[in-house]
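In what follows, a single structure is set out as C-alpha cells and then discussed.
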There are 2 protein chains.
Amino acid sequence: MFKELNPLLHSELRLAVMSVLIGVESADFVFLRQQTGATAGNLSVQLDKLAKAGYIDIEKTFRGRMPCTVCRITGAGRDAFEEYVEALQTYIKR
Amino acid sequence: MFKELNPLLHSELRLAVMSVLIGVESADFVFLRQQTGATAGNLSVQLDKLAKAGYIDIEKTFRGRMPCTVCRITGAGRDAFEEYVEALQTYIKR
DNA sequence: TAAAGTAGTTTATTTTATAAACCAAATTTT
DNA sequence: AAAATTTGGTTTATAAAATAAACTACTTTA
C-alpha cells in the first residue's frame with residue numbers, strides 16, 4: 001500500500017539540500033544556506049548526516065584562509081532521492 | 001524557492017492516514033491500522049494530533065459493546081493536504 | 001473460569017530538529 | 001591600531017516528535 005519513506009530524506013532541510021544538489025555539479029555552504037534559508041548550525045548538522053549516509057560528498061578546503069565547504073551529491077544519493085520520490089507518490093497521487 | 005512543509009502533515013503516519021481518509025467517506029481505527037501498518041498506540045496519538053489541528057473529525061461510538069472510532073477528513077484537512085502536496089512539488093519536481 | 005484477543009489510551013523512551021553559543025579568521029569602524 | 005562586526009563554519013543544549021511498551025476495559029474462546 002504505502003512505501004516506506006527513507007527517514008534520512010524525510011526531513012525538510014535535508015530534502016531541500018538534496019533537491020539543490022541534484023540540479024548542480026556542486027554547491028558550497030554559503031550557496032546552500034542561501035537556497036534553503038537554513039541557519040548555519042542546522043545546515044552543518046544536516047550536511048554531516050547526509051555525508052555519513054553516503055548521499056553527499058563534502059570537501060573542506062580554503063579560499064585564501066577562509067574555510068570553504070563544497071558539497072556534491074553521490075550516486076547513492078541520487079538513487080535514494082529517486083526512491084524517496086517514488087515512495088512519496090504512494091501517499092500523494094490520487 | 002522551497003515552500004514550507006506543514007509539519008503536521010510531514011510525518012509518515014499522519015500523511016498515510018490523510019492519504020487514506022482523502023479517498024473514503026470515513027474509516028475506522030481498525031481499517032486505518034490495516035492500511036497503514038501502524039501500531040495502535042502510534043495511530044491513537046497521531047489521530048489525536050490530526051483532530052486537534054482540525055484536519056479530521058473523530059467520532060467515538062460503540063459497535064455492540066466494543067468501542068469503535070470512526071474518522072473523517074474535514075475541509076480544512078483537505079485544503080492542508082492539497083497545500084502540502086503543492087509544497088512538496090517544489091522539492092521533488094525536476 | 002482462565003487464557004487469549006480486540007480496541008483502544010497513556011506513559012516512557014529514544015530520535016530529531018533546531019537554535020544558541022561558540023571559535024577562528026577577516027573586514028570594517030573609530 | 002584597537003575594538004567591533006562580519007563571515008564561515010562547528011559544537012552543545014534544548015525542545016519537540018515519533019514510537020514502542022505498558023496498561024485498561026471489555027469480549028470471546030477453550
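No lab work stands behind these numbers, since they all come straight from the coordinates. Not measured: the values here are computed from a predicted model. Ideal geometry is used to build each Cβ from the backbone, glycine not excepted, and the neighbour counts take in all protein chains shown.
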*Does region B:67-78 contain any residue that is near DNA strand C (Cβ under 10 Å from one of its atoms) and out of contact with any strand residue (DSSP E or B) (no Cβ under 6 Å at 6 or more places or on another chain)?*
yes
*Among the residues of region B:35-54, which ones are under 20 Å from B:G23 (Cβ atoms) and within 13 Å of DNA strand D (Cβ to nearest atom)?*
B:T36, B:G37, B:A38, B:L43, B:Q46, B:L47, B:L50, B:A53
*Which of (1) within 20 Å of B:A87 (Cα to Cα); (2) out of contact with any Ser or Thr (no Cβ under 7 Å at 6 or more places or on another chain); (3) of a type outside the set (K, R) is the odd one out, the single condition A:A16 does not satisfy?*
(2)
*Select from region A:1-54 the residues that are among the hydroxyl-bearing types (S, T, Y), more than 9 Å from DNA strand C (Cβ to nearest atom) and closer than 26 Å to A:Q89 by Cα and write down the one among them that is farthest from the other protein chains (Cβ to nearest Cβ).*
A:T36
*Filter region A:55-88 for residues that are without any contact (Cβ under 8 Å) to a residue 40 or more places away in the chain and within 14 Å of chain B (Cβ to nearest Cβ); which is surrounded by the fewest Cβ atoms within 10 Å (Cβ to Cβ)?*
A:E82
*Conditions: (1) crowded, with 16+ Cβ neighbours inside 10 Å; (2) farther than 18 Å from A:M1 by Cβ; (3) within 14 Å of DNA strand D (Cβ to nearest atom). B:L15 meets all but one. Number of the miss?*
(2)
_B:T36 surrounded by 15 or more Cβ atoms within 10 Å (Cβ to Cβ) and over 29 Å from A:R14 (Cα atoms)_ = no
_Take B:A51 and tell me if it is in contact with a strand residue (DSSP E or B) (Cβ under 7 Å, 6 or more places away or on another chain) and either surrounded by 20 or more Cβ atoms within 10 Å (Cβ to Cβ) or not charged (D, E, K, R) (or both)._
yes
